[in-house]
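> Take a look at this one; I'll ask things after.
The values are calculated or read from the model by the stated rules, or taken from the named source; none is laboratory data. Treat the numbers as computed from the prediction; the structure is a model and nothing was measured. Because the Cβ atoms are built from the backbone with ideal geometry, glycine has one as well, and the counts that use them run over all protein chains shown. Heads up: the accessible areas ignore ligands, DNA and RNA and are worked out on the full protein's heavy atoms, side chains in. Shrake-Rupley method; radii C 1.70, N 1.55, O 1.52, S 1.80 Å.
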Amino acid sequence: MTKKEYSQYQKNVIDNYYGNLDTIMLSKLGELVTELYLAETETKKERLWDRAHKAMIKLKVAPAIVQHIMAKRDVKILAKNLNDWLSGSTTKGR
């Protein structure tokens with residue numbers, strides 16, 4: 001397979017995306033918190049919790065914190081942790 005060549009502009013876009021991945025994932029996690037509060041069916045909630053789990057892993061949240069949040073599946077706990085991560089008072093357990 002040949003390696004794909006990117007233009008300088010495309011390289012900058014890719015670099016910026018990965019440079020801001022934490023911010024992007026925190027925003028997505030915030031949207032998931034809102035969706036979880038509003039979700040009406042258990043199936044929908046389950047899918048949203050799976051997405052939240054993947055987002056926390058991508059953010060490199062400490063496994064113990066992820067495990068606690070996923071065990072409780074309490075939106076308030078997720079929202080509290082998200083608020084802490086957004087305010088920068090913790091470093092996601094790293």
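> Using beta carbons and a limit of 8 Å, which pairs, at least six apart or on different chains, have the first residue in segment 1-27 and more than 22 Å from LYS58 (Cβ to Cβ) and the second one open to solvent by less than 100 Å² (accessible area, probe 1.4 Å) and not polar (S, T, N, Q)?
As it stands, the answer is TYR6/ILE14, since those pairs meet every condition given.
> Of a type in the set (Asp, Glu) and modelled with pLDDT under 95, is that true of ASP50?
Judged against the criteria, ASP50 is not a match.
> Please find, within segment 32-43, the residue that is least open to solvent (accessible area, probe 1.4 Å) out of those that are among the charged types (D, E, K, R) and either assigned to a helix (DSSP H, G or I) or closer than 24 Å to ASN83 by Cβ (or both).
The residue in question is GLU35.
> Turning to a different aspect of this structure: Suppose we filter segment 1-31 for residues that are in a helix (DSSP H, G or I) and more than 18 Å from the chain's Cα centre (by Cα); how many remain?
8
> Could you pull out the residue among LYS58, LYS76 that is out of contact with any Cys (no Cβ under 8 Å at 6 or more places or on another chain), surrounded by 13 or more Cβ atoms within 10 Å (Cβ to Cβ) and of a type in the set (D, E, K, R)?
LYS58
> So, one more: Given the conditions (1) within 11 Å of the chain's Cα centre (by Cα); (2) open to solvent by 50 Å² or more (accessible area, probe 1.4 Å), report the number of the one that GLU46 does not fulfil.
Condition not satisfied by GLU46: (1).
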